[in-house]
């Protein structure tokens, strides 16, 4: 009976992992090319503050975390655009505050909360049907956004001035993008925890960028690499009875290092071929 329930949780975790991989694959390359890699850290720490607030209020932490994360993401975007500074500067200032706020709110709540460790490092057995529904909902939103707005986002990412001239509503698209990043981070935090979430959304895109040139190819390869690493991490953690979050990050990092090596070899071969042709 125990084996049955364990396999049930693993299957659900694999399904959510597949959803997270697709979401990360669509969003990650845009984050990477916009030089916003630090945003995963900032939003995930903001998510922890929302979770802590939910615990303090005695309500379900997830809805509060969603509201808090989206609010923080939009605020980071607002301070960046109006203050004429990069997103990473805003994130660097705000993420420590968000984490400190979360710790402060937890200290105000009565009792000892054992589930805090699950939120910090992820807990595969704590994943519920509501988590699955949230992940699927976020996936649907991201896929719809990519179908309708990916071309405009490419203009914004590579040449924002041209995007404005072309009539792209840059401000609206930017804040929608920040809200989607926030939603994706909440789902990932729920899966691998606050501390490890940022690598899931960035590393597959960075690995794909080392192996492919065209943006569309990078998106597809990001999804594939995210699927492989997340699945491998879940299976590996289940086989050794260890935490799934660190296991997934190990595989994500390993694939990233392999992609760097493969990219370096590819570059050396390309250089030698050009020098021989001369």
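Has the range 10-26 got any residue that is over 15 Å from the mean Cα position of the chain (by Cα), surrounded by 21 or more Cβ atoms within 10 Å (Cβ to Cβ) and in a helix (DSSP H, G or I)? Yes, that holds for at least one residue.
Tell me, please, whether a residue that is surrounded by 16 or more Cβ atoms within 10 Å (Cβ to Cβ), assigned to a helix (DSSP H, G or I), modelled with pLDDT of 80 or more and out of contact with any strand residue (DSSP E or B) (no Cβ under 8 Å at 6 or more places or on another chain) can be found in the range 103-115. The answer is yes; a qualifying residue exists. What about residue 172, is it at pLDDT below 80, part of a helix (DSSP H, G or I) and exposed (fewer than 14 other Cβ atoms within 10 Å of the Cβ)? Taking the combined requirement at face value, the residue does not satisfy it.
One residue stands out in the range 187-199 among those that are over 20 Å from residue 128 (Cα atoms) and part of a helix (DSSP H, G or I): the one that is nearest to the chain's Cα centre (by Cα), namely 198. For the range 205-223, the tally of residues that are touching a residue at least 40 places away in the same chain (Cβ under 8 Å) and over 20 Å from residue 265 (Cβ atoms) stands at 6. The residue that is modelled with the lowest pLDDT, counting only those in the range 116-142 that are touching a helix residue (DSSP H, G or I) at 6+ places or on another chain (Cβ under 7 Å) and not in a helix (DSSP H, G or I), is 122.
Using the structure shown, decide if residue 30 is at pLDDT 80 or above and closer than 28 Å to residue 256 by Cα.
yes
Please work out which one of (1) out of contact with any helix residue (DSSP H, G or I) (no Cβ under 6 Å at 6 or more places or on another chain); (2) without any contact (Cβ under 8 Å) to a residue 24 or more places away in the chain; (3) under 30 Å from residue 157 (Cβ atoms) is the condition residue 80 fails and give its number. (1) is the only condition that residue 80 fails. Within the range 224-256, the only residue that satisfies the criterion of being under 14 Å from the mean Cα position of the chain (by Cα) and under 13 Å from residue 10 (Cβ atoms) is 230. Kindly evaluate residue 191 against the criterion of being surrounded by fewer than 16 Cβ atoms within 10 Å (Cβ to Cβ) and touching a residue at least 24 places away in the same chain (Cβ under 8 Å). Criteria not met by residue 191. For residue 221, the test of being at pLDDT 90 or above, surrounded by 24 or more Cβ atoms within 10 Å (Cβ to Cβ), over 13 Å from the mean Cα position of the chain (by Cα) and assigned to a helix (DSSP H, G or I) is failed. Residues in the range 57-83 that are within 16 Å of residue 99 (Cα to Cα) and surrounded by 18 or more Cβ atoms within 10 Å (Cβ to Cβ): 61, 64, 65, 66, 68, 69, 70, 72, 73, 76.
The values are calculated or read from the model by the stated rules, or taken from the named source; none is laboratory data. Model, not experiment: these values are computed from the prediction. FYI the Cβ positions are ideal-geometry reconstructions off the backbone, even for glycines, and counts take in every protein chain you see.
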